[in-house]
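**Student:** Below is one structure. I have some questions about it.
Laboratory data are not the source of any read-out in this text; all were calculated from the coordinates shown. Everything numeric in this text was worked out from a predicted model, so none of it was measured. Glycine gets a Cβ as well: all are built from the backbone with ideal geometry, and neighbour counts include every protein chain shown.
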Amino acid sequence: DDYPIKKYRSRIQGSGSSKSPTPGQNPGQAPTPGPSPGSSQRLTPALLGLVLGDDEERDGALIEKVKKDSFAAKKGFQKGDLVVQFGEEEVMDSYDLEEKLLFADLKKKLVFHILRKVKDKRGKWIEKKVVIQFFWKKES
């Protein structure tokens, strides 16, 4: 079934602008960051502005890159952070975090527990918590 291709074909072949308003959005209104509630879109590291990898020595998802001016950058993620827990669940590797993000309930706060290496000679790690909450206006 090629329905998904047909669904997005108009965006690709249309005016060339991907900035058209989404249904229920006024033309002058800025889009809400992240997926909208009730949509079939799932959260991915790329939507947040993250590029993930794995640390050979530790369990967790290593943040290899944080895209400038992305949602993740604004929330305080940094290159080199190691996501070791998402919500109440341990993160084993980048694949594990991607899967957890795909099935996350976007109506709730998303809590990332990270380890960040302190810039000193001892290689000490500090624990940090990053909380993401998507806010949406109810349509009237």
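**Student:** Only counting other Cβ atoms within 10 Å, I'd like D81, D69, D55 sorted with the fewest neighbours first.
**Tutor:** D69, D55, D81
**Student:** Computed over the Cα atoms, what is the radius of gyration of the stretch 41-135 divided by 2.2 N^0.38 Å, N being its residue count?
**Tutor:** On the way: Rg = 12.6 Å, N = 95, 2.2 N^0.38 = 12.4 Å.
Normalised by 2.2 N^0.38 Å, the Cα Rg of the stretch 41-135 equals 1.02.
**Student:** Assigning unit charges at the beta carbon (Lys, Arg +1; Asp, Glu -1) and nothing else, what dipole magnitude in debye, to the nearest 20, does the stretch 41-135 show about its Cα centre? Let's see the in-between values first.
**Tutor:** Working: 20 positive and 18 negative charges, 165 e Å.
Dipole magnitude for the stretch 41-135 comes out near 800 debye.
**Student:** Sticking with this structure for a sec: Could you line up F112, F71, F86 from fewest to most neighbouring Cβ atoms inside 10 Å? Please list the in-between numbers first.
**Tutor:** On the way: F112 26, F71 17, F86 21.
In increasing order of surrounding Cβ atoms, one gets F71, F86, F112.
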